[in-house]
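Below is one structure, written out as structure tokens; the observations come after it.
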Amino acid sequence: MLYAKNRQLFKVQFIFTIYYFSTMRMKKLADEIYYVGVNDRHTHLFENMLPLPYGVSYNSYLIVDEKTALIDTVEISYSEIFIEKIQAVLQGRTLDYLVVNHMEPDHSGSIKQIKRIFPDVQIVGNAKTFGMIEGYYGITDNLHEVKEKDKLSLGKHVLEFIMTPMVHWPETMMTFDLTTGTLFSGDAFGSFRALDGGVLDSELNVGDFWEEMRRYYSNIVGKYGNPVQKAIHKFANVQINMICSTHGPVWKENIAQVISMYDKMSRYEGENGVVIAYGSMYGNTEQMAEVLANYLSDYGVKNIVVHNLSRTNASFVISDIFKYKGLIIGSPTYSNELYPEVSSLLMKIDTRDIKNRIYGYFGSFTWAGAAVKKLHAFGEKMDWDVCSTAVEEKQALKPERFAELEQLAKEMAEKLG
Ligand code: FEO
């Protein structure tokens, strides 16, 4: 009787399992390579500070060969659905390897859960990875250490490991599948924006991703231009057929464009255009920004973006500063300092060590000016090409200041060429 009951229970569970798994559609990207990542449309702020208006994906990939290997995991809130996806692909097989390309918790967050389900899994990483795995998750066993160009055969697929420190953390590495020419690139070549339906670039309107890719790169990896350049050079003569990043589309049809974009951004190469970023309490500094933008237009500059720093989240401003060569910052004097929102932007620029900008500045004050001097000092510190015309107004903007604003606009336009 008990046997019959248990059998019935098993049957119900089995049917439920089959049904449940059959509702998941797994994307096959190449022979034996599956996408098992997830979309996050819940989180408002990435790293608790960068808005995600279109969401973000945490990408993970599973290779099912004679041996099975998972490349990176996902943010912990999604670990349950993530593991169900993995089990649906594995169909009862075990997971032999977990390759950890990057330890930031948006990718390493589910390592403990993976180890709980697959206790014998070998975790593949470098010495720095393992220090972080112990520090974050207390894991010290079943570690398979790799160094530059080490290989791991899964059967048909042979994985090669390339160390790419500081793209985006010190332990970061990439995994190259020599068999298919697939580069599992970690954060590199990643983008904000959830994958709405498609996963491969050929299945998506990729035009939707370029701005979010720049915002992602500039805010997260932006400081590490040199390490990104080194990584790009390591793959200069390698035939890459597919790039599987940890965020955003899998690149197959747009590989050259994606690499070129990362190359330009990591060299801090800006397009012809100007960002005017200002703070303003009562609209006086704002009026200066407005007049300046008009003059820039008169001098033939078409790409002009004006940002009110009290309204626009700084991540969008930073993204535009990476996009354009020209930058003009305006600030009122506030308690003998820069306006706090301007100060905050300068810190974000400094943190990312943004290079090669043509720079102008302006400001206003009520009883004693300090902002313009500080803005000048910032341009010098950044070693930028600083315009010689500084514009400073006491209280409301008056017509006699227009000539100076025009001169600043003219100088900027001429330097842009
Ligand atoms: Fe998407 Fe540096 O983590």
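The values are calculated or read from the model by the stated rules, or taken from the named source; none is laboratory data. Computed from a predicted model, the values in this text were never measured in an experiment. Because the Cβ atoms are built from the backbone with ideal geometry, glycine has one as well, and the counts that use them run over all protein chains shown. When the accessible area is computed, the model is the full protein with side chains, heavy atoms only, and any ligands, DNA or RNA have been set aside. Shrake-Rupley method; radii C 1.70, N 1.55, O 1.52, S 1.80 Å.
Computed with a 1.4 Å probe over protein heavy atoms only, the accessible surface of the chain comes to 45 Å² per residue.
With a Förster radius of 30 Å applied to the beta-carbon distance between T312 and I240, the computed FRET efficiency rounds to 0.25. Around A413, what is the net charge, scoring Lys/Arg as +1 and Asp/Glu as -1 over all other residues with Cβ under 11 Å from its Cβ? Neighbour charge sum, excluding A413 itself: -1. Taking each DSSP H run with n ≥ 4 as -39500 (n - 2.57) and averaging over every residue of the chain yields -11000 deg cm²/dmol at 222 nm.
Placing unit charges on the Cβ atoms only, positive for Lys and Arg and negative for Asp and Glu, gives the stretch 249-330 a dipole magnitude near 180 debye about its Cα centre.
Once you order the gyration tensor axes a ≥ b ≥ c over the Cα atoms, which shape class does the stretch 125-251 get: rounded for a/c under 1.5, otherwise prolate or oblate by comparing a/b with b/c?
Numbers: a/c = 1.65, a/b = 1.33, b/c = 1.24.
Prolate.
Computed with every protein chain present, the accessible area of F322 is close to 10 Å² [probe 1.4 Å]. The residues I259, I358, sorted by heavy-atom accessible surface at 1.4 Å with ligands and nucleic acids left out, run I259, I358 from largest to smallest.
Dipole orientation for the stretch 271-416: of the candidates T351, T333, G363, T351 has the Cα lying most toward the positive pole (charges on Cβ; Lys, Arg +1; Asp, Glu -1).
For the stretch 317-328, the Karplus equation 6.51 cos²θ - 1.76 cosθ + 1.60, evaluated at θ = phi - 60°, returns couplings of 5, 4, 4, 5, 5, 5, 6, 10, 6, x, 9, 10 Hz by residue, with Gly and Pro reported as x. If R0 is taken as 25 Å, the Cβ-Cβ distance between Y54 and I81 corresponds to a FRET efficiency of 0.80. How many percent of DSSP beta bridges within the chain run antiparallel, rounded to 5? In the chain, DSSP labels about 45 percent of beta bridges as antiparallel.
Take the Cβ atoms of N356 and Q257, set R0 to 25 Å, and the FRET efficiency comes out at 0.70. Label zone (T366, point 7 Å along Cα-to-C-beta; backbone nitrogen cut-off 19 Å) within the stretch 266-293: 279-288.
Add +1 for every Lys or Arg and -1 for every Asp or Glu among the other residues with Cβ under 11 Å from the Cβ of F130, and state the total. If you can, show how the numbers build up before the last one.
Working: positive: K128; negative: E134, D141, E145, E171.
Charge balance near F130 sits at -3.
Quote the charge dipole size of the stretch 271-416 about the Cα centre in Debye, to the nearest 20; the model charges only the Cβ of Lys and Arg (+1) and of Asp and Glu (-1). Walk me through the numbers before you get to the answer.
Values: 16 positive and 19 negative charges, 53 e Å.
Taking the Cα centre of the stretch 271-416 as origin, the dipole is about 260 debye.
Applying D = kT/(6 pi eta Rh) to the stretch 109-183, where Rh is the Kirkwood radius over alpha-carbon pairs, T corresponds to 20 °C and eta to 1.002 mPa s, the Stokes-Einstein value obtained is 162 µm²/s. In percent, rounded to a whole number, the relative contact order of the chain is 11, using alpha-carbon pairs under 8 Å and six or more apart.
Note the full-extension length gain between K415 and E203 as 0.36 nm times their separation in residues minus their Cα-Cα distance, in nm to one decimal.
On the way: separation 212, 0.36 × 212 = 76.32 nm, distance 4.14 nm.
Residue separation times 0.36 nm, minus the Cα-Cα distance, leaves 72.2 nm.
Between L397, T164, Q229, the Cα set farthest toward the positive side of the dipole of the chain (charges on each charged residue's Cβ, about the Cα centre) is that of T164. Ordered by 1.4 Å accessible area with all protein chains kept, R93, R116, R41, R357 run largest first as R116, R41, R93, R357.
To put it simply, the accessible area of the stretch 271-416 at a 1.4 Å probe is 46 percent carbon and sulfur. Annotation: peptides 223-230, 327-334, ranked by per-residue average of other Cβ atoms within 10 Å with the highest first, follow the order 327-334, 223-230.
Looking at the square roots a ≥ b ≥ c of the eigenvalues of the Cα gyration tensor of the stretch 206-363, which shape do they give, rounded for a/c under 1.5, prolate if a/b is larger than b/c, or oblate? The partial results should precede the final answer.
Details: a/c = 2.47, a/b = 2.06, b/c = 1.20.
The shape class here is prolate.
Any of K115/K156; K230/K252; K128/K348; K323/K398; K374/K398 with alpha carbons more than 29 Å apart? Name them for me. Could the numbers behind the result be given before it?
Working: K115/K156 25 Å; K230/K252 22 Å; K128/K348 27 Å; K323/K398 32 Å; K374/K398 23 Å.
Table pairs above 29 Å Cα-Cα are K323/K398.
When the Cα convex hull of the stretch 9-266 is projected onto planes of every orientation, the mean area is 13.4 nm². For the stretch 305-393, averaging the sequence separation of C-alpha pairs within contact (under 8 Å, six or more residues apart) and dividing by the residue count gives a relative contact order of 30 percent.
Straight-distance candidates among the aspartates and glutamates for linking to K151, with alpha-carbon spacing under 20 Å and chain neighbours fewer than 8 residues away dropped: D31, E32, D65, E66, D72, D96, E160, E171, D177. Specify whether the C-alpha gyration tensor of the stretch 271-416 places it in the rounded, prolate or oblate class, a ≥ b ≥ c being the square roots of the eigenvalues: rounded for a/c under 1.5, otherwise prolate if a/b is larger than b/c and oblate if not. Because its axes are fairly even, with a/c under 1.5, the stretch 271-416 counts as rounded. In this structure S57 has an accessible area near 0 Å², from a 1.4 Å probe over the protein heavy atoms. For the stretch 9-266, the fraction of 1.4 Å probe accessible surface lying on carbon and sulfur atoms is 52 percent.
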